[in-house]
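Enquirer: Pasting a structure below so you can have a look.
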Amino acid sequence: MATVTSSAESRLDPRRWWALGALVASMLVLGFDMTILNVALPTIAADLGASTGQQQWMADAYIVVFAALMLPAGLLGDRFGRRRMLIGGLGVFLAASLVGALASDVTWVVVARALMGVGGAFVMPLAMSVLPSLFPRDEQTRAIGMISAASALGMPLGPIIGGWLLNHFWWGSVFVLNVPMVAIGITACLFLLPESRDPAAPKVDTVSTALTTLGLGSLIYAIIEGPGRGWSDALVVGGFAAAVVLLTGLVLRERRGTRPMLDLSLLAHRGFLSNALAATLGMFVLAGVLFLLPQYLQAVLGTDALGTGVRIVPLMGGMLLAARLAQPLVVRFGARSVVSAALVVLAFAAFLGARTTVDSGYGFTALWLSIAGVGVAFAMIPAMGGAMAALDKDQAGRGSGLLSTVRQTGSALGVALLGALVAGAYTDRLSTAGLTGPAAETARDSVTGAHVVAARLGDHALAASANSAYVHGMDLALVVIGVVALAAALLSAALMPGRVLPVGLSSSAAEVAPISADA
């Protein structure tokens, strides 16, 4: 049983709402960072000469580290003090944001993003776990809802705020934005949060944590580096081999452990597995599209950073609309019907988007983006509720941790796989005739690099070729999304339980959870 060092009187301290406000500000920052960097990537690529693969690392470094450390971070908080570890996580996040803002090359941006993943992995679970030491039971639901809503709100605001900052300041400003808000969170935690811990909490499994981090990192490395180095390159093949060995070792260790960090036996529950796959596919699509789309909007359509942020809103708008309507539909038709239909809608949106040409314009993009947002949210929200409903109450904690981890893995794979597909197709289609070695290499690195070279040389043919090549690659990625979504729809219809979920499983928390920062 948890031992809480704060007294009952301190829980009812009126300052608890100020503490909650600081936690909300911190969670808003995590929401921003789910989407704000995507808008900045083309600008960073142009300034630092980042290739498509390097841009993928900027996005994925955060996700991979977050996915690997979220569960052990929660356990460390339980054992050594949730307040202490939350402050530590916020401190790491703040320091990493400063590193990102001051970075002068791609490597330091990637390092900063990885360190932000470390901090975020502590902040997300511990911001929730400190609430029982602040609020009585009848106020906890409201507090949880406010924190969840803050992280969910940050996602649609991130591209807009990031675009405005990029139009007025340098790209490092998207990192500086975090600093004052996180500093407020640290100060509030120092003076307003009581300490709480659970001495009976299990020890952190450092071996499993290392296997998860290195295995997932090796897999992502091989996928991202494949198009540039070649799929037969020794480092790429070695990355895949290392991933197989490390992840196999993780599975064997978790299956044999008495208290596994990741309870993989839960995947034997058909209802949990099918719903988890649907929720993970949603994150795969969301992360992949958010990575690819800003480059299309800025390089091909020529919009500025703020215009790009605004033009991503239809995707988020479709998701928020579906989040409000998902529960009534699940109650009426059942999760299986809603999730299967939503995946078909997502497939339709992807196949529609795959008809994009260089001359399509934004109106067509807004149409398929809106439909895709509806499909993603209608699939993810009931699937998350269905996954948890498939488990017994004593399995809920382990199920939630496993579900969060596989969803984060889906995000990382979305950026890596779809980005690699686009990078390979772009390089194959791009015409660099007449360019010297360095100029041709820069143009092949990314569509942004091609436009930089074209502007410097006045080469309109190169810009046109780059636009055509990138759109071709994006269309291929959308076809893959459509095929995978259709396959997932068939699996969902065949494997998901047909019962209607209880109303209480969705409500406010489920509406925002799939689009919150832990998603």
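Enquirer: Could you work out how much longer the chain between ASN167 and LYS393 gets when fully extended? Use 0.36 nm per residue separation minus the Cα distance between them, nm to one decimal.
Expert: That works out to 76.4 nm of additional length.
Enquirer: State whether the range 177-280 is rounded, prolate or oblate according to the following rule on the C-alpha gyration tensor (a ≥ b ≥ c being the square roots of its eigenvalues): a/c under 1.5 gives rounded; otherwise a/b larger than b/c gives prolate, and the remaining case gives oblate.
Expert: oblate
Enquirer: Under a point spin-label approximation (7 Å from Cα along Cα-to-Cβ), what is the ARG137-HIS460 distance to one decimal in nm?
Expert: It works out to 7.3 nm between the two label points.
Enquirer: Counting other beta carbons within 10 Å of each Cβ, put ARG253, ARG15, ARG259 in order, fewest first.
Expert: In order of increasing Cβ crowding within 10 Å: ARG259, ARG15, ARG253.
Enquirer: Could you please rank ASP60, ASP33, ASP459, ASP47, placing first whichever residue has the fewest other Cβ atoms within 10 Å of its Cβ?
Expert: By the 10 Å Cβ count, ascending, the order reads ASP47, ASP459, ASP33, ASP60.
Enquirer: Would you calculate a helix-derived [θ] at 222 nm for the chain, using -39,500 (n - 2.57) for each DSSP H run of n ≥ 4 and dividing by the full residue count, to the nearest 500?
Expert: -26500 deg cm²/dmol
Enquirer: Something else about it: Using label points projected 7 Å from each Cα along Cα→Cβ, tell me how many nm separate ALA183 and ARG256, to one decimal.
Expert: Roughly 5.1 nm, to one decimal.
Enquirer: Moving on. Under a Cβ-Cβ cut-off of 13 Å, what is the net charge of the residues other than PHE80 that fall near it, where Lys and Arg count +1 and Asp and Glu count -1?
Expert: Around PHE80, the charge tally is +3.
Enquirer: Contour minus end-to-end for LYS203 and ASP428, with contour as 0.36 nm per residue of separation and end-to-end as the Cα-Cα distance?
Expert: The LYS203-ASP428 span can extend by a further 76.0 nm.
Enquirer: So, one more: How much FRET efficiency would the formula 1/(1 + (r/R0)^6) give for ARG15 and PHE80, where r is the Cβ-Cβ distance and R0 is 25 Å, rounded to 0.05?
Expert: E(calc), rounded to 0.05, equals 0.55.
Enquirer: Under 16 Å from a point 7 Å along the Cα-to-Cβ line of VAL111: which residues of the range 42-71 have their amide N that close?
Expert: Flagged as within label range: 58, 61-62.
Enquirer: Sticking with this one: Which ordering of PHE135, PHE191 is given by a fewest-first count of other beta-carbon atoms within 10 Å?
Expert: PHE191, PHE135
Enquirer: FRET efficiency for LEU495 and VAL244, Cβ-Cβ distance as r, R0 = 35 Å, nearest 0.05? Mind dumping the intermediate values first?
Expert: On the way: r = 26 Å, r/R0 = 0.74.
It comes out at approximately 0.85.
Enquirer: Dimensions of the chain along principal axes (Cα, Å, largest first)?
Expert: Taking max minus min along each principal axis of the Cα atoms, the chain gives 74, 50, 44 Å.
Enquirer: What is the distance, in nm, between label points placed 7 Å from the Cα along the Cα-to-Cβ direction at TRP231 and at SER265?
Expert: With each label placed 7 Å out from Cα toward Cβ, I get 3.8 nm.
Every read-out reported here was derived from the displayed coordinates using simple, explicitly stated rules and does not represent laboratory data. No experiment lies behind these values; they were computed from the predicted model shown. Cβ coordinates were reconstructed from backbone atoms using ideal geometry, including for glycine residues, and neighbour counts include every protein chain displayed.
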